[in-house]
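Participant: Structure in structure tokens, see below.
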Amino acid sequence: MEKKHNITVDVAGSEHVKYVSEINNTIQSASEERGTGIARRTDDYITSKMNEGKAVIALDGDIFAGFCYIESWSHNKFVANSGLIVAKQYRGIGLAKQIKQKAFELSRKKFPEAKIFGLTTGLAVMKINSELGYKPVTFSELTDDQAFWKGCQSCVNYDILMRTQRSKCLCTAMLYNPKWEEKPNSQQKTEGKIISFKKWLKRKNSKEDDNFSLKSKLKRVMSVNAISSLFRNNNETYAETITVRNKQ
Ligand SMILES: CC(C)(COP(=O)(O)OP(=O)(O)OC[C@H]1O[C@@H](n2cnc3c(N)ncnc32)[C@H](O)[C@@H]1OP(=O)(O)O)[C@@H](O)C(=O)NCCC(=O)NCCS
């Protein structure tokens, strides 16, 4: 029979400090089972995350179900989402996804300018991060804050990180850059160029622009390929206008 859960996923506060040992023990057993690194944090550290409103906790009633925390680095230029754990009995029902979503929202709210990143060896986390808009990057793109990398000391693979002068390890680095949101996509760019082109055509009809070189003006707003594709794409009126004007 399918188990019914009533799970809430919230930003953790001081009222959740009672779950700290359980969270750390669950991380510890998961780390031992996987045989790969999950950096362990002290109980005090997890407690401070909760008190600072920098952690997300999932509870099934009052039973611990999952956890994750955030921390800023390099003077708030970066935020890491770390320590993701879902208790065994709650795995495979999309809980990690919900926790990561909440941690992502919390990171964006607290540090809107920061790049958000995480390190992982797990496919589940890679999938979730990709859905949130993260991209895989080399370690060179991450914070160079010594304190962050010090946190890897408790990982079983720390020697690899040290051997490579912190340039690579078994974890994949994934990063979300809020600047990516601001960039217009290629469709928006094309639309922008078409609008400029239409405005220019209007102006071209006025006397003041009559002496302006057609070619140089066109090149200002569009690439040669874009112009020819615009003409190809059923915009014969503009094509004709250009031809007529060009002959004048
Ligand atoms: C990894 C972990 C957090 C996943 O939690 P979860 O709640 O079971 O994950 P979800 O149900 O939200 O699944 C998210 C996606 O990952 C996939 N997934 C989940 N566990 C997976 C696994 N072990 N291997 C491959 N894919 C997995 C799911 O199918 C889902 O993909 P979909 O969106 O394509 O369906 C959980 O297994 C865990 O706590 N493991 C031990 C600690 C750990 O590894 N932490 C990560 C440190 S970076």
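Participant: Quickly run through the range 31-58 and pick out the residues that are modelled with pLDDT of 90 or more and of a type in the set (A, V, I, L, M). So that I can check it myself, show each step before the final result.
Facilitator: Narrowing the range 31-58 to residues modelled with pLDDT of 90 or more: 42-58.
Of everything in the range 31-58, those that are modelled with pLDDT of 90 or more and of a type in the set (A, V, I, L, M) turn out to be Ile46, Met50, Ala55, Val56, Ile57, Ala58.
Participant: Could I ask something else about it? Out of Gly92, Gly61, report the one residue that is within 17 Å of Asn129 (Cα to Cα), exposed (fewer than 13 other Cβ atoms within 10 Å of the Cβ) and modelled with pLDDT of 95 or more. Please lay out each step first, then the result.
Facilitator: Details: Gly61 fails: within 17 Å of Asn129 (Cα to Cα).
Answer to the selection: Gly92.
Participant: Which condition number in (1) over 12 Å from the mean Cα position of the chain (by Cα); (2) under 25 Å from Glu32 (Cβ atoms) is the one that Ile128 fails?
Facilitator: (1)
Participant: Turning to a different aspect of this structure: Residue under question is Gly151, and the condition is that it be out of contact with any Ser or Thr (no Cβ under 6 Å at 6 or more places or on another chain), within 11 Å of the ligand (Cβ to nearest atom) and either small (Gly, Ala, Ser) or closer than 23 Å to Phe78 by Cβ (or both); does it hold?
Facilitator: Values: out of contact with any Ser or Thr (no Cβ under 6 Å at 6 or more places or on another chain): yes; within 11 Å of the ligand (Cβ to nearest atom): no; either small (Gly, Ala, Ser) or closer than 23 Å to Phe78 by Cβ (or both): yes.
For Gly151, the condition - out of contact with any Ser or Thr (no Cβ under 6 Å at 6 or more places or on another chain), within 11 Å of the ligand (Cβ to nearest atom) and either small (Gly, Ala, Ser) or closer than 23 Å to Phe78 by Cβ (or both) - is not met.
Participant: Restricting to the range 154-190, and then to whatever is within 24 Å of Arg108 (Cβ to Cβ) and within 16 Å of the ligand (Cβ to nearest atom), can you tell me which residue is surrounded by the most Cβ atoms within 10 Å (Cβ to Cβ)? First the steps, then the outcome.
Facilitator: First, pick out the residues of the range 154-190 that are within 24 Å of Arg108 (Cβ to Cβ): 171-185, 188.
Still in the running and within 16 Å of the ligand (Cβ to nearest atom): 171-176.
Values: Cys171: 21, Thr172: 19, Ala173: 19, Met174: 24, Leu175: 19, Tyr176: 22.
That would be Met174.
Participant: In this structure, is Lys97 closer than 20 Å to Ile116 by Cβ, in contact (Cβ under 8 Å) with a residue 24 or more places away in the chain, within 11 Å of the ligand (Cβ to nearest atom) and not β-branched (Val, Ile, Thr)? Even if it seems obvious, please write down each step before you answer.
Facilitator: Details: closer than 20 Å to Ile116 by Cβ: yes; in contact (Cβ under 8 Å) with a residue 24 or more places away in the chain: yes; within 11 Å of the ligand (Cβ to nearest atom): yes; not β-branched (Val, Ile, Thr): yes.
In short, yes.
Participant: Continuing with the same structure: Among the residues of the range 72-90, which ones are assigned to a strand (DSSP E or B), more than 10 Å from the ligand (Cβ to nearest atom) and without any contact (Cβ under 8 Å) to a residue 40 or more places away in the chain?
Facilitator: Matches in the range 72-90: Val79 only.
Participant: Going through the range 100-147 one residue at a time, which ones are surrounded by 15 or more Cβ atoms within 10 Å (Cβ to Cβ), in a helix (DSSP H, G or I) and within 15 Å of the ligand (Cβ to nearest atom)?
Facilitator: Those that are surrounded by 15 or more Cβ atoms within 10 Å (Cβ to Cβ), in a helix (DSSP H, G or I) and within 15 Å of the ligand (Cβ to nearest atom): Lys100, Gln101, Lys102, Ala103, Phe104, Ala124, Val125, Met126, Ile128, Asn129, Leu132.
Participant: On to the next question. Could you tell me how many of the residues in the range 40-68 are within 16 Å of the ligand (Cβ to nearest atom), in contact with a Phe, Trp or Tyr (Cβ under 9 Å, 6 or more places away or on another chain) and in a loop (DSSP other than H, G, I, E, B)?
Facilitator: 1
Participant: Determine if the range 73-86 includes at least one residue that is surrounded by 20 or more Cβ atoms within 10 Å (Cβ to Cβ) and more than 18 Å from Asn129 (Cβ to Cβ).
Facilitator: No - not one qualifying residue is present in the range 73-86.
Participant: Residue pairs, Cβ under 6 Å, 6 or more apart or interchain, first in the range 155-183 and within 20 Å of Glu113 (Cβ to Cβ), second away from the ligand (no atom under 15 Å from the Cβ) and not basic (Lys, Arg). List them.
Facilitator: Qualifying pairs under 6 Å: Ala173/Val137; Ala173/Phe139; Leu175/Val137; Leu175/Glu141.
The values are calculated or read from the model by the stated rules, or taken from the named source; none is laboratory data. Predicted model only: the values in this text are computed from it and were never measured. Cβ coordinates were reconstructed from backbone atoms using ideal geometry, including for glycine residues, and neighbour counts include every protein chain displayed.
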